[in-house]
Each structure stands twice: as structure tokens, then as C-alpha cells.
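The values are calculated or read from the model by the stated rules, or taken from the named source; none is laboratory data. Computed from a predicted structure; not experimentally measured. Counting neighbours? That spans all protein chains shown, and the Cβs are built from the backbone with ideal geometry, glycine included. The protein model used for the area step is the full one, side chains on, heavy atoms only, and it has no ligands, DNA or RNA in it. Shrake-Rupley method; radii C 1.70, N 1.55, O 1.52, S 1.80 Å.
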Amino acid sequence: DRRRLNEQALEDWLAGQFREKAGWDRIVAQILSADGKNKDTGPDNFGLACENQPTQLAAETTRVFMGVSIQCAECHDHPFDRWKRIQFHELAAFFSGGKYFMPDLQHPEEKTEVPARFLLGEAPPPGLPADARRVAVAAYLVYNPGNYWFARAYVNRVWNELLGDGFYAVDSLGPDGDVSHKLIVNRMAY
């Protein structure tokens, strides 16, 4: 339902960020930290577009801002990459309004509580409220030097848009993705 979104508010907010020469890191951190409740607040529209569903937010966050497609790991271990189902749900837990529960595949009514954990295994401080978990995942995604996907995803998307072909297939930057000109993309991503 597009009535719950305000694309113009997002576009106006982004235009303002670009006019202020805000870096992509700051823009993304604000988008991921937003609570997704007010369609008239630009960055909230990402969460609203994902219906504020933790699984959709996890899938779209990794796809858009890390260039990694892990959505299929919501239901099973990824068939082509190393992503495990539990990793997907640990990431989704960052976007939950409270405790997060992963449904059992055989018996969906049975659920297991899953704590928030970053894709590379680091855990945030325990007991963070929902808004602080969003800030934590934004900070991890954007500023953690161990997360090399964020900068590479940006470089790859821009390169793909300008030249018609990325260093990686768009949304395929996973640990097992094929890359062309690895030294160039690594240099540009720094």
C-alpha cells in the first residue's frame, strides 16, 4: 500500500543531504537508525517500504547497502554462499521492536529466541532497546572496518550505473562472489 509511504519526503530529504554534502555513510546511518514510523520524515520511508518487518529490513539492508543477497537464508542455509539461516535471523533481530523469535521450519508455531548479531559474528552490547539496536546495526554496517561490503557495494553500484557493468554482479558481493578487477574495487572502496 503506497499510501503509507511518502516518496517525495524521502527524495526531498536525500536532496537536502546531497546539498549539505553529507557522505553516503551518514545518509545510510540515518536511514537505518530511523524508526520507520513517520512517512513525512524522509529516512523513515525505508522502514515503511519494508513494512517495518524485521525479515524484510534485514533482507533489504544487506541487498541495498551491502550488495549481498541473503533473503533466501530466511528459510534455509544459502545454497550458493556461506550464509546460514541463523545469521539471517540474527541480523533481523536488530530490527525487532522487542525480542526476536525465529520460527521452526517444521513447526512454524514453535519459535526460538534469537539475539541480535552482526553477519561476521560480532554481538552488540546486551540489553539494548530497539532504537539502540538500530543505531548499533547502522554503526556496524557503515563504520566497522571489518565490514568491507558497505564501501564495495557503493562503488560497485556507481560503477555499474556509469559503465553498465559492475566489478561484481549487483547484489552478489557475498564472500563467494566472483569479482573482476579486485585490486581496483578494493582501492576505490577505501
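Do the conditions hold for Ala92, that is, is it modelled with pLDDT of 90 or more and either assigned to a loop (DSSP other than H, G, I, E, B) or out of contact with any helix residue (DSSP H, G or I) (no Cβ under 6 Å at 6 or more places or on another chain) (or both)? Show your work before the answer.
On the way: modelled with pLDDT of 90 or more: yes; either assigned to a loop (DSSP other than H, G, I, E, B) or out of contact with any helix residue (DSSP H, G or I) (no Cβ under 6 Å at 6 or more places or on another chain) (or both): no.
Criteria not met by Ala92.
Out of all the residues in region 122-143, which are open to solvent by less than 40 Å² (accessible area, probe 1.4 Å) and either hydrophobic (A, V, I, L, M, F, W, C) or assigned to a loop (DSSP other than H, G, I, E, B) (or both)? Spell out how you get there, then give the answer.
Within region 122-143, the first condition is being open to solvent by less than 40 Å² (accessible area, probe 1.4 Å), and the residues that meet it are 124, 130, 132-134, 136-138, 140-142.
Result: Pro124, Ala130, Ala132, Ala136, Val137, Ala138, Leu141, Val142.
Are any residues in region 89-121 open to solvent by 70 Å² or more (accessible area, probe 1.4 Å) and under 18 Å from Ser33 (Cβ atoms), and if so, which ones? Spell out how you get there, then give the answer.
Taking region 89-121 first, the residues open to solvent by 70 Å² or more (accessible area, probe 1.4 Å) are 97, 99, 101, 105-113, 115, 117, 120.
Within region 89-121, Gly97 is the sole residue that qualifies.
In region 48-79, what residues are assigned to a loop (DSSP other than H, G, I, E, B) and in contact with a strand residue (DSSP E or B) (Cβ under 9 Å, 6 or more places away or on another chain)?
Within region 48-79, Gly67, Ser69 meet the criteria.
Could you list all residues from region 82-102 that are within 16 Å of Leu120 (Cα to Cα) and touching a Cys at 6+ places or on another chain (Cβ under 9 Å)?
Filtering region 82-102 down to residues within 16 Å of Leu120 (Cα to Cα) leaves 82-94.
Scanning region 82-102 gives Trp83, Arg85, Phe88.
Could you grab the pairs with beta carbons closer than 8 Å, sequence gap of 6+ or different chains, first residue in region 114-125 and aromatic (Phe, Trp, Tyr), second one surrounded by 19 or more Cβ atoms within 10 Å (Cβ to Cβ)?
Hits for this filter: Phe118/Glu90; Phe118/Leu91; Phe118/Pro124; Phe118/Val137; Phe118/Tyr140.
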